[in-house]
Amino acid sequence: MMNGKVFFTPEHELHKRRFSRNMGLGLVLAGFVALVFGLTVVKVTTGELQETYSQQSHGGSQP
Amino acid sequence: MTDLRASEITHAAPNEAGFGDYVALLKPRVMSLVVFTAMVGLLVAPVSVHPFVAATSILFIALGGGASGALNMWYDADIDRVMKRTASRPVPSGRVQPGEALGLGLALSGISVLMLGLAANWFAAAFLAFTIFFYAVVYTIWLKRSTPQNIVIGGASGAFPPMIGWACATGGISIESVMMFMLIFFWTPPHFWALALFMNSDYEKAGVPMLTVTHGRKVTRNNILGYTVVLAPIAIGAAFTSIGGPLTLAVALVLNAFFLIGAYRIRKRDETVAQADNYAAERKFFRFSLAYLFLHFTAFMVEAALKAAGYGGW
């Protein structure tokens, strides 16, 4: 602060690129989490996971 | 901390990558073709798939395609640097380090295969793994620099996505998915060789044994017609399988008639005339080849929709 005024350093080009990388990666990771969550919900509600579990625990035959 | 120290700026790469550069490594335009053909393969299959599972499967097939694109850019950085069309890609331009491209390609390969196995089935996942291997190793590392038949055999990797989409729904392979594969497989040579006819100087500079460089333009023109002649009965034949119908047949007949006429014109063209009009016919044929594939696969999809509504099909 100088004479009661606040001075900001102008944003460097590198800042923008790094920000875009961080933001992009953050969004990709959030999307991936949402995708895995959604897939789990679908698999559970359609009973696919249960079928797989039954097949494994009963040697491939349905109860 | 929002500031950068002077030393940090000095030592940072002059062309440090942004997020878009990593996206560019995945070849988004190629990915769009993969998404479209895989989606058609999945939608026309006789087994219904939950929409979320279908969308997720297509996404991971596309990601697998993107991974192989990154591996291709890692290995081909030296020739990309020489060619005008590819010199500004992230690796040759220095914005992304080769090791980063390799790491991203390998990581995305693993993620896409694993996630496709969990979302759809392990047969489809194994098929995707094979496709990535085929594009990265068989085409990029082996064939591309060693034979003028590079794009013929390597084109198989671009033809697999509809088969993977079909496998996501059915868990296997059938004549319909093989016909979709053959359609793209035999479409690839005329499509790329038309491009090579007006981009020849670049391939020559990079030392890529494109047919135009090794055997000349006359032979390339003959080959374009030859592959188009083989392609036509395959495209028309696909209309007689369970994914076809009267609409698909009509579309196939019209598209292949135009494609054959275009290939014949290219075959008859004199090189001096072609140079004089800046390869207008070759450029037109190349553009039409894009529409050709898009319309064929759209026809399969529309036919399936009509069939579901009680029309379409045989």
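The values are calculated or read from the model by the stated rules, or taken from the named source; none is laboratory data. Everything numeric here is computed off the predicted structure, so don't read it as measured data. Because the Cβ atoms are built from the backbone with ideal geometry, glycine has one as well, and the counts that use them run over all protein chains shown. Accessible surface areas use protein heavy atoms only, side chains included; no ligands, DNA or RNA. Shrake-Rupley method; radii C 1.70, N 1.55, O 1.52, S 1.80 Å.
Couple of notes before you dig in:
Yes/no per residue for (1) over 15 Å from B:ILE164 (Cα atoms); (2) touching a residue at least 24 places away in the same chain (Cβ under 8 Å); (3) not assigned by the TED database to the domain that holds B:ALA156:
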position	(1), (2), (3)
B:MET73	yes, yes, no
B:ILE79	yes, yes, no
B:PRO92	yes, no, no
B:LEU106	yes, yes, no
B:VAL113	no, yes, no
B:ALA125	no, no, no
B:LEU128	no, yes, no
B:PHE134	no, yes, no
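- Of all residues in region B:195-202, none are aromatic (Phe, Trp, Tyr), open to solvent by 10 Å² or more (accessible area, probe 1.4 Å) and under 19 Å from the mean Cα position of the chain (by Cα).
- Among (1) open to solvent by less than 60 Å² (accessible area, probe 1.4 Å); (2) over 12 Å from B:ALA24 (Cα atoms) - the single one B:ALA67 does not satisfy: (2)
- For region B:161-186, a residue qualifies if it is within 24 Å of B:PHE285 (Cα to Cα) and open to solvent by 10 Å² or more (accessible area, probe 1.4 Å), and the qualifying residues are B:MET179, B:PHE181, B:MET182, B:PHE185, B:PHE186.
- Some residue of region B:26-38 being open to solvent by 20 Å² or more (accessible area, probe 1.4 Å), modelled with pLDDT under 95 and within 14 Å of another protein chain (Cβ to nearest Cβ): yes
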